[in-house]
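Just so it is clear, none of the values below were taken in a lab; they were calculated from the coordinates. Being a predicted model, the structure only gives us computed values, none of them experimental. Note: ideal-geometry Cβ built from the backbone for every residue, glycine included; neighbour counts use all protein chains shown.
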Amino acid sequence: MLTNSEIVNAIHQMREMFPDAGTTLNADTTFHFLIATILSAQSTDKSVNMITPALFARFPTPGSLAKAEPEDVEPFIQLLGLYHNKAKYLVKAAREIMTDFNGKVPHTMKELTSLAGVGRKVANVVLAECFNIPAFPVDTHVSRVARRLGMVKPDATVLQIEKRLKEAVPKEEWLNAHHAMIFFGRYQCTAKNPKCTKCPLLPICKYGRDNVF
Ligand code: SF4
């Protein structure tokens with residue numbers, strides 16, 4: 001298992017490889033960013049960005065979406081996986097924002113995760129990106145990279161991964177570290193055929209060495 005400083009060094013190397021790593025979801029308001037993040041579950045950011053301009057234009061505020069029915073939303077998002085459920089979540093979340101939070105997206109983990117379709121990862125993303133509250137969202141890329149590099153045990157849960165990374169990485173670097181790990185997972189340490197032979201982290205990566213040799 002990597003030590004705290006080995007974890008930080010590995011993430012710094014990822015950051016050097018992907019200095020422009022940042023959010024790739026497009027949104028003009030906090031509410032729309034929340035919607036885009038909910039929609040990104042099991043869909044790529046690119047596919048979400050393709051459908052959100054029309055969706056956001058039709059439903060500019062929580063109030064406008066709260067008045068809709070899921071069937072009104074489905075045509076806008078049907079190119080995405082799970083669009084049936086996602087349409088239900090979006091309408092329900094908008095209604096909850098109107099009734100429970102006075103029409104404003106809340107900014108605590110507890111309140112955010114009370115909304116339909118919002119789990120810990122979505123809440124962490126919104127807290128960090130929209131409210132500048134330190135958070136370390138753990139998605140599929142962050143999980144894979146952390147496990148393969150031995151930052152955590154191979155069977156670590158998402159919550160254990162978040163805890164370990166928060167322990168090792170200084171708070172002010174959490175968001176950048178999250179972005180660096182996502183880009184590294186998306187383009188270098190890919191789920192299938194990771195580019196181990198050209199990876200600067202190969203010397204500290206047992207998974208990679210087993211893969212290569
Ligand atoms: Fe991923 Fe391979 Fe690099 Fe290890 S050596 S971090 S498995 S790309």
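Just want the answer: with Cβ charges of +1 for Lys and Arg and -1 for Asp and Glu, which residue in T30, A54, L112 is farthest toward the dipole's positive end in the stretch 30-131?
The Cα lying farthest towards the positive end belongs to L112.
Could you work out the local net charge near T197, counting Lys and Arg as +1, Asp and Glu as -1, over the other residues with Cβ closer than 14 Å to its Cβ?
So the surrounding residues net to +2.
Would you calculate, for the chain, the mean residue ellipticity at 222 nm contributed by helices, counting each DSSP H stretch of 4 or more residues as -39,500 (n - 2.57) and dividing by all residues, to the nearest 500?
Counting only the DSSP helices, I get -17500 deg cm²/dmol.
For the stretch 140-180, which trypsin sites (Lys or Arg not before Pro) are both in a DSSP coil and crowded by at most 10 other Cβ atoms within 10 Å?
Sparse-neighbourhood loop trypsin sites (Lys or Arg not before Pro): none present.
R0 = 22 Å: FRET efficiency of Q160 with N9, Cβ-based, nearest 0.05?
Between Q160 and N9 the formula returns 0.55.
On average, how much area does the Cα convex hull of the stretch 30-131 cover when viewed from any direction, in nm²?
Average projection, Cα convex hull of the stretch 30-131: 5.5 nm².
Could you bin all the Cα-Cα distances of the stretch 1-73 into 10 Å bins starting at 0 and give me the percent of pairs in each, rounded to whole numbers?
Taking all Cα pairs of the stretch 1-73, the binned fractions are 17, 35, 22, 15, 10, 0 percent.
Quote the convex hull volume per residue of the chain, based on C-alpha atoms, as a whole number of Å³.
115 Å³
Please build a GNM for the chain, connecting alpha carbons under 10 Å apart, and tell me which residue among E129, E162, E71 fluctuates the most.
Per the Cα network of the chain with a 10 Å cutoff, E71 tops the list.
Grab the beta carbon distance between H107 and L79, set R0 = 41 Å, and tell me the FRET efficiency rounded to 0.05.
0.85
Expressed as a rounded percentage, what relative contact order does the chain have, with Cα pairs under 8 Å and six or more residues apart?
24 percent
Using the Karplus curve 6.51 cos²θ - 1.76 cosθ + 1.60 with θ = phi - 60°, what ³J(HN,Hα) values do you get for each residue of the stretch 110-115, in whole Hz, with x for Gly and Pro?
4, 5, 4, 6, 7, 7
Which net charge results for the neighbourhood of G208, defined as the other residues with beta-carbon distances under 11 angstrom from its beta-carbon, given Lys and Arg at +1 and Asp and Glu at -1?
Once all neighbours under 11 Å are counted, the net charge is +4.
Can you give the local net charge around I77? Use residues other than it whose beta-carbon is closer than 15 angstrom to its beta-carbon, Lys and Arg +1, Asp and Glu -1.
Taking every other residue near I77 into account, the sum is 0.
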